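The values are calculated or read from the model by the stated rules, or taken from the named source; none is laboratory data. Treat the numbers as computed from the prediction; the structure is a model and nothing was measured. Here the Cβ positions follow ideal geometry from the backbone for every residue, glycine too, while neighbour counts run over all protein chains shown.
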Amino acid sequence: MMPPDEMTGGDAPRPPDLYDQRQDTIEDEVEASRAPLMEHLIELRQRLIYVVAGMALTFLVGLYFANEIFQFLARPYAEAQINGAQARMIFTGLMEKFVVNIKVALYFAFMITFPLLAVQVWKFVAPGLYKHERGAFAPFLVATPVLFTLGAALAYYVVIPWAWAFLLGFEETAIQGTAIAIEAEAKVNEYLALVMRLIFAFGAAFLIPVAITLLGKAGIVSADFLRRQRRYMIVLTFVAAAFLTPPDPVSQVALGIPILLLYELSIILVRLTEKRREAEQSDAGDAV
């Protein structure tokens, strides 16, 4: 009698291998996860395109109105001139004023499109959050541009005029036969760098409550921890203010005091977050 292999005309069918089945399952899972990942990457690319397009458009607008924007930034300097002298700035390189216009347009584009960037990031992240998580983070999305604008406004309308009046007070008028005139000759690129450094420093300082409260929600810091670090925060605040502001006490105090007040506000917000978390855990324990 013929063997089974010869009767079927070849090798007998091999029973399915469990290892091969496991490999097929893994490959299917990888393919299934790869499709959503590609969809997320495509969505992220689309949202980044929106942001880049918005920034490019606002950059062109800012470049067209660069002179007007710079004049607005230079208004505190003109108003701080002693004895009503005619304000004057200089540039010493042929490309300097052109580069300043480019920088003005870039700053303008960033500040105008920052809310657009925040909204696009939120729309990308929000679908992956629970409803209560979206409700918890939405206020911070609104508070961020508002607080930054308040800080920038404080710098432009309060601190910068004080600082310029203090610094221009070192000018000296010539007295015939006894002294020479000492007058400020501000350079456009240095002036722009100083003004924008102050505006961004104050704007970023006003975001302290947002950053610390988010850390509190994540459980990284606590209200008690922040209270214990208060003395170090005071020292670091005025050290940072000394580096970020002109060397006059008015502007340094004007930056330091709001930072400390915002730090105290952050402690209150973190404590409220902790109380809310404790109440939710207590309710959950009672339900069990």
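Some points to look at:
- Residues of segment 82-114 satisfying the condition of being modelled with pLDDT under 85, part of a helix (DSSP H, G or I) and surrounded by 13 or more Cβ atoms within 10 Å (Cβ to Cβ): I82
- Flag for A152 being at pLDDT 85 or above, within 25 Å of P258 (Cα to Cα), exposed (fewer than 14 other Cβ atoms within 10 Å of the Cβ) and within 21 Å of the chain's Cα centre (by Cα): no
- Qualifying residue in segment 182-203 (condition: closer than 30 Å to R276 by Cα, crowded, with 16+ Cβ neighbours inside 10 Å and not hydroxyl-bearing (S, T, Y)): yes
- Counted residues, segment 41-52 - those being touching a residue at least 24 places away in the same chain (Cβ under 8 Å) and not charged (D, E, K, R): 4
- Boolean, A193 is modelled with pLDDT under 90 and of a type outside the set (K, R): no
- In segment 53-77, the residues that are farther than 16 Å from K97 by Cβ reach residues that are surrounded by 14 or more Cβ atoms within 10 Å (Cβ to Cβ) and hydroxyl-bearing (S, T, Y) with C-beta atoms within less than 6 angstrom, at least six apart or across chains, in these pairs: G54/T113; M55/T113; T58/T113.
- Filter result for V100 (under 26 Å from A184 (Cβ atoms) and either in contact (Cβ under 8 Å) with a residue 40 or more places away in the chain or among the small types (G, A, S) (or both)): yes
- Test: residue in segment 162-172 that is part of a helix (DSSP H, G or I), over 24 Å from W122 (Cβ atoms) and touching a strand residue (DSSP E or B) at 6+ places or on another chain (Cβ under 7 Å): no
- Test: I199 is farther than 30 Å from A87 by Cα and not small (G, A, S): no
- Within segment 192-219, residues that are farther than 21 Å from A242 by Cα have Cβ atoms under 9 Å from residues that are part of a loop (DSSP other than H, G, I, E, B) and not β-branched (V, I, T) in these pairs: G216/S222, counting only partners at least 6 apart in sequence or on another chain.
- The set of residues in segment 85-94 being among the aliphatic types (A, V, I, L, M) and over 14 Å from E190 (Cα atoms) consists of A85, A87, L94.
- Looking at F225, F202, just one residue is among the aromatic types (F, W, Y), over 30 Å from W164 (Cβ atoms) and either out of contact with any His (no Cβ under 8 Å at 6 or more places or on another chain) or at pLDDT 85 or above (or both), and that residue is F225.
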